Amino acid sequence: MTITGIAAVGAGLAAIGAGVGIGKIGGSAMEAMARQPEMHGKIQSSALILAAFVEAVALFGVVVAFLQG
Amino acid sequence: MKLLLVNSFNVRTFAANLKEGILKPQRMTLSTLKHTVFTVLFLSVFSFGFAKDAKEGGEDEKFDPKEMILHHVKDAYGMHIATLNQGEENEAHITIPLPVIVYTDKGLTTFSSSAFHHDYHGHEIVERNGQRFVNVHEKVYILDEGASEVAYDAEGHPTNAHRPKFDLSITRNVFMMWVSIAVLFLIFLTAARRYKRSDDNVPSGIASFVEPLIVFVRDEIARPMIGEHKYKRYMPYLLTIFFFIWINNIFGLIPILNGANLSGNIAFTFTLATITFIITTFSGNKNYWKHIFWMPGVPVPMKIFLMPIEIIGMFVKPISLMIRLFANITAGHVIILALMSLIFVFKTVAIAPVSVAFSLFITVIEVIVTAIQAYIFTILSALYFGMATEEEHH
Amino acid sequence: MDLITPEFGLVFWTLITFLVLLFILRKFAWKPILGAVSDREEGIKNALASAENARKEMENLQADNERILQEARAEREAMLKDAREIREQTIAKAETEAQEKASKIIEKAQAAIESEKKAAMAELKSHVAGLSIDIAEKVVRGELSNKDKQLKLVEDMLGETKLN
């Protein structure tokens, strides 16, 4: 396997982690919204921000892969 | 290169469809559906025609999706819109030529990008000001003395040519950036004039369209993140980056412009993230610096341990801003183009409806992403400003 | 690698473009728009506040009116009560005065009657005395021959005439 291939696998692994993280955020946000529909807006915006933070981790992985590729 | 037209054509028509669907959701009825189905059929026929073309000429020039995608995602000197009669005698290109401005040892040199004649493999040599310029993968190189042709090393980098000192060319991305700020000026200056003309400050026309967005940035981004007392100082910056990023994200999705991928270019996001970083650093108060260098409320060994982490964090914040926007937008473009490439990779018309449907789906998602990414960049900038200006409250 | 290397040219143009955009929009768009929006919000807030004030004032006014009415009513009541008292007092006073006067008049009348009676009595006595003397004279003239008889007569007469 070439270095590019390994980098791609690394990016994929980072994406798995972020996927799990964003999934958890999304699930909890949905649950929270179902429990307190009046807090809908606030929960949504904080869930988006948190998802952005988690996503950044996966993107760092992608960028490292780009550095190799 | 051969396939650029097909791609831009397909995606363009779909974007038109998409726009129609989005702008008039209440009229997303049977007729729209019918329209979409017809477009898919129509496009399948067209794709077939071009796919055959690719097959015929495919002996010497094998389709490389990676190269095609990278050329779309990266910057370019001219604004190439379409190629007519590809591979034939009377091949014609529809392009908007843009100025190439390079600063070298011999001073400033300017020429039109049309001088390269759409070549980006380093074949066309342009002589200006006693220097010979070539375009290697949309990067201007200066041929060394005595060299008559570009030679490449194993990784495809030129060995007998060097980059100019400064390359200040008005590239595709710069051009689209100017178009976007012209649009922004048009929208917001018109809106501002509407307010000035009405004496009771009631919005009308375009002002009633932009006001909710502006109020959204103020009430959902600036106020909760920065705080009631200080948010006013940051409002102009937050509003400007929000709309600047959003409109450039949208422009990146318009296929006729060959997807000028400005907000998916690291230079663009780097600049904006750097400005956010500078503003954060300069508006940091005593409390902010104390939290970085000597975290209050934790034991001394912990303070020492936290200091380097906080210092790294200070830089990671803007870097993550930069990478998030760049990677999200670039990823969207790559996925759409990759789906389109499937037709030419498999060289069959059967795959066309699938790839068209999927890229339509991804394009719809991307339309949402344009707004979400602009929102996230803005809200995180606001969050960092809020952290920098937060008062002590222990 | 190439994809994530910021190019100087684009950084340069982005920076300049962004600063121009920020400057122009700040001056000619954000300032008037945000100003107009906050002016309007301020206006709405003020209008609501003044409406609230007006409502409160109205309430105050109504309360005032009510209070004044109450006061007037109380005053009227008091006045009526006073008047009634005064009337009663006056009547009582008049009654007592009248009583007093009447009794005085009666007293006076009695006193006058008494004195008149006395005077009449005295006059009557003197008349009777004169008459008696006359009678006596006549009797005496007639019966003066009989001295004893005379005396006895006088005695008897005097004894009989016990007046009052």
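Quick check on C:Ile33: is it part of a helix (DSSP H, G or I), more than 7 Å from chain B (Cβ to nearest Cβ) and open to solvent by less than 90 Å² (accessible area, probe 1.4 Å)?
Values: part of a helix (DSSP H, G or I): yes; more than 7 Å from chain B (Cβ to nearest Cβ): no; open to solvent by less than 90 Å² (accessible area, probe 1.4 Å): yes.
So C:Ile33 does not fit the description; no.
For region A:35-42, state whether one or more residues are assigned to a helix (DSSP H, G or I), of a type in the set (A, V, I, L, M) and within 15 Å of the chain's Cα centre (by Cα). Working first, answer last.
Step one: of region A:35-42, the residues assigned to a helix (DSSP H, G or I) are A:35, A:37-42.
Now restrict to residues that are of a type in the set (A, V, I, L, M): A:39.
Imposing the further condition that a residue be within 15 Å of the chain's Cα centre (by Cα) reduces the set to none.
Checking region A:35-42: not a single residue is assigned to a helix (DSSP H, G or I), of a type in the set (A, V, I, L, M) and within 15 Å of the chain's Cα centre (by Cα).
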> In the set B:Leu306, B:Leu253, which member is under 22 Å from B:Asn173 (Cβ atoms) and modelled with pLDDT under 95?
Replying inline: B:Leu253
> Which residues, counting only those in region B:116-134, are touching a helix residue (DSSP H, G or I) at 6+ places or on another chain (Cβ under 7 Å) and under 19 Å from B:Thr83 (Cα atoms)?
Replying inline: B:Glu124
> Residues in region B:285-312 that are within 15 Å of B:Ala388 (Cα to Cα), open to solvent by less than 80 Å² (accessible area, probe 1.4 Å) and basic (Lys, Arg): how many?
Replying inline: 1
>> Go through region B:205-231 and report how many residues are at the interface with another protein chain (Cβ under 9 Å from one of its Cβ atoms) and open to solvent by less than 40 Å² (accessible area, probe 1.4 Å).
In response: 7
>> Among the numbered criteria (1) over 11 Å from the mean Cα position of the chain (by Cα); (2) open to solvent by 30 Å² or more (accessible area, probe 1.4 Å); (3) more than 14 Å from chain C (Cβ to nearest Cβ), which one does B:Phe270 miss?
In response: (3)
> Residue check, B:Ile241 against (1) in contact with a Phe, Trp or Tyr (Cβ under 9 Å, 6 or more places away or on another chain); (2) more than 10 Å from chain C (Cβ to nearest Cβ); (3) touching a residue at least 12 places away in the same chain (Cβ under 8 Å), all met but one. Which one?
Replying inline: (2)
> Since A:Val63 meets every condition but one in (1) at pLDDT 85 or above; (2) within 13 Å of chain B (Cβ to nearest Cβ); (3) open to solvent by less than 80 Å² (accessible area, probe 1.4 Å), which condition does it not meet?
Replying inline: (1)
> When residues of region C:11-23 are filtered for being facing chain B (nearest Cβ under 7 Å) and open to solvent by 10 Å² or more (accessible area, probe 1.4 Å), how many remain?
Replying inline: 5
>> Looking at B:Ala260, B:Ala273, B:Ala327 in this structure, which one is touching a strand residue (DSSP E or B) at 6+ places or on another chain (Cβ under 9 Å) and closer than 30 Å to B:Arg172 by Cβ?
In response: B:Ala260
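Just checking, which of B:Glu138, B:Glu149, B:Glu91, B:Glu127 is under 28 Å from the mean Cα position of the chain (by Cα) and among the charged types (D, E, K, R)?
Numbers: B:Glu149 fails: under 28 Å from the mean Cα position of the chain (by Cα); B:Glu91 fails: under 28 Å from the mean Cα position of the chain (by Cα); B:Glu127 fails: under 28 Å from the mean Cα position of the chain (by Cα).
Checking each option against the conditions leaves just B:Glu138.
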> Checking B:Glu61 against (1) part of a helix (DSSP H, G or I); (2) at pLDDT below 70; (3) farther than 19 Å from B:Pro255 by Cα, which test does it fail?
Replying inline: (1)
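Considering B:Ile319, B:Ile292, B:Ile304, B:Ile311, which residue is part of a helix (DSSP H, G or I), out of contact with any Cys (no Cβ under 8 Å at 6 or more places or on another chain) and either within 14 Å of another protein chain (Cβ to nearest Cβ) or closer than 29 Å to B:Met177 by Cα (or both)? Don't jump to the end; show me each part of the working.
Values: B:Ile292 fails: either within 14 Å of another protein chain (Cβ to nearest Cβ) or closer than 29 Å to B:Met177 by Cα (or both); B:Ile304 fails: either within 14 Å of another protein chain (Cβ to nearest Cβ) or closer than 29 Å to B:Met177 by Cα (or both); B:Ile311 fails: either within 14 Å of another protein chain (Cβ to nearest Cβ) or closer than 29 Å to B:Met177 by Cα (or both).
Step by step, each of B:Ile319, B:Ile292, B:Ile304, B:Ile311 is checked, and only B:Ile319 is part of a helix (DSSP H, G or I), out of contact with any Cys (no Cβ under 8 Å at 6 or more places or on another chain) and either within 14 Å of another protein chain (Cβ to nearest Cβ) or closer than 29 Å to B:Met177 by Cα (or both).
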>> Name the residue that is nearest to the other protein chains (Cβ to nearest Cβ), counting only residues in region B:151-160 that are among the small types (Gly, Ala, Ser) and on the phi < 0 side of the Ramachandran plot.
In response: B:Ala154
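So that you can scan it fast, the table gives a plain yes or no per residue for (1) under 18 Å from A:Val54 (Cα atoms); (2) open to solvent by 40 Å² or more (accessible area, probe 1.4 Å); (3) basic (Lys, Arg):
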{"position": "B:Met314", "(1), (2), (3)": "yes, no, no"}
{"position": "B:Ser320", "(1), (2), (3)": "yes, no, no"}
{"position": "B:Leu325", "(1), (2), (3)": "yes, no, no"}
{"position": "B:Ser341", "(1), (2), (3)": "no, no, no"}
{"position": "B:Val345", "(1), (2), (3)": "no, yes, no"}
{"position": "B:Ala350", "(1), (2), (3)": "no, yes, no"}
{"position": "B:Ser355", "(1), (2), (3)": "no, no, no"}
{"position": "B:Thr363", "(1), (2), (3)": "no, no, no"}
>> If I ask for residues that are among the hydrophobic types (A, V, I, L, M, F, W, C) and farther than 17 Å from C:Glu160 by Cβ, which ones from region C:111-138 would you list?
In response: C:Ala111, C:Ala112, C:Ile113, C:Ala119, C:Ala120, C:Met121, C:Ala122
> Only one of (1) in a helix (DSSP H, G or I); (2) within 11 Å of chain C (Cβ to nearest Cβ); (3) among the polar types (S, T, N, Q) is not met by B:Thr281, so which one is it?
Replying inline: (2)
> Mind checking which residues of region A:20-54 are open to solvent by less than 40 Å² (accessible area, probe 1.4 Å) and within 10 Å of chain B (Cβ to nearest Cβ)?
Replying inline: A:Ser45, A:Ile49, A:Ala51, A:Ala52
> When both residues are 6+ apart or on different chains and their Cβ atoms are under 8 Å apart, which pairs have a first residue that lies in region B:161-186 and is facing another protein chain (nearest Cβ under 7 Å) and farther than 23 Å from B:Thr240 by Cα, and a second that is aromatic (Phe, Trp, Tyr) and part of a loop (DSSP other than H, G, I, E, B)?
Replying inline: B:Ser169/B:Tyr77
>> Condition first: surrounded by 13 or more Cβ atoms within 10 Å (Cβ to Cβ), at pLDDT below 80 and assigned to a loop (DSSP other than H, G, I, E, B). Can you find one or more residues in region B:44-51 that meet it?
In response: no
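The values are calculated or read from the model by the stated rules, or taken from the named source; none is laboratory data. The model shown is predicted, which means the values in this text are computed figures rather than measured ones. Note that each Cβ is placed from the backbone with ideal geometry, even for glycine, and that neighbours are counted across all protein chains shown. Quick note on the areas: whole protein, heavy atoms, side chains included, nothing else; ligands and nucleic acids left out. Shrake-Rupley method; radii C 1.70, N 1.55, O 1.52, S 1.80 Å.
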